[in-house]
Amino acid sequence: MMLLIKLLLAHFLGDFLFQSEKSVRNKEEKRIRSPHLYIHMVIHAILLIILLGSSTSFWPILGIIIISHYLIDLGKLYFQDQKNKRKAFFVDQFLHLVIIVLTAQFYEPYFDQLKISGSQLLLILLALTLLTIVSALMIRMIISIWSPQTNDSDDESLAK
């Protein structure tokens, strides 16, 4: 189970925290010729080495994750367009997660270890609810003060 957690952490850090909008745009424009694509792979490799350790026993895992990540990202760059950008993002993330789960299961079978008590399950559900639904609503409430307000009945508009 720990391998799965480390692989997921490396993935989310590499794809979301350590990848800028500028990097994403550069990859979309230059595709296979983008230096940002290769920098992105190096970042993922560094994160995996930090989290897994530098033992040679992890090299096959590192190879599987980095090569599949490269191929999935490259495929996304060539198949996405403005119309299907959102769909391509979700397919890309889904494929990454499938590879991560299958790799972790192959190297460290964890389904037999998943014995969660009722109270642990409730705690996990509470944490997921707080981290997703509740935090999203709170963020929306906080940033709503910056949302532009329109008043169609205002005669003093600049649209005259």
Item to complete: Tell me, yes or no, whether segment 112-127 has at least one residue that is farther than 30 Å from residue 62 by Cβ, surrounded by fewer than 10 Cβ atoms within 10 Å (Cβ to Cβ) and modelled with pLDDT of 85 or more.
Response: no
Worksheet item: On the given criteria, is residue 72 closer than 23 Å to residue 5 by Cα, loosely packed, with under 13 Cβ neighbours inside 10 Å and assigned by TED's automatic domain parsing to the domain that holds residue 100?
Response: no
Fill in: Unmet criterion (only one of (1) closer than 19 Å to residue 94 by Cα; (2) among the β-branched types (Val, Ile, Thr); (3) modelled with pLDDT of 95 or more) for residue 5
(3)
Fill in: Selected residue [over 21 Å from residue 97 (Cα atoms) and in a helix (DSSP H, G or I)] from 61, 32, 49
32
Discussion item. Just to be sure I understand the filter: pairs with C-beta atoms under 9 Å, separated by 6 or more residues or on different chains, first member in segment 35-46 and farther than 17 Å from residue 68 by Cβ and in the same structural domain as residue 70 (by TED's automatic domain parsing), second member assigned to a helix (DSSP H, G or I) and charged (D, E, K, R). Which pairs pass?
Written reply: 36/22; 36/25; 36/27; 36/30
Practice prompt. Please determine, by comparing only the residues of segment 8-52 that are over 15 Å from the mean Cα position of the chain (by Cα) and among the small types (Gly, Ala, Ser), which one is surrounded by the most Cβ atoms within 10 Å (Cβ to Cβ).
Written response: 34
Worksheet, complete the sentence: If we keep only residues of segment 76-110 that are under 15 Å from residue 61 (Cβ atoms) and among the polar types (S, T, N, Q), then the residue modelled with the highest pLDDT is 103
Fill in: Hits in segment 16-41 (condition: touching a helix residue (DSSP H, G or I) at 6+ places or on another chain (Cβ under 9 Å) and hydrophobic (A, V, I, L, M, F, W, C))
18, 24, 32, 37, 39, 41
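The values are calculated or read from the model by the stated rules, or taken from the named source; none is laboratory data. Not measured: the values here are computed from a predicted model. Cβ: placed from backbone, ideal geometry, glycine included. Neighbour counts: every protein chain shown.
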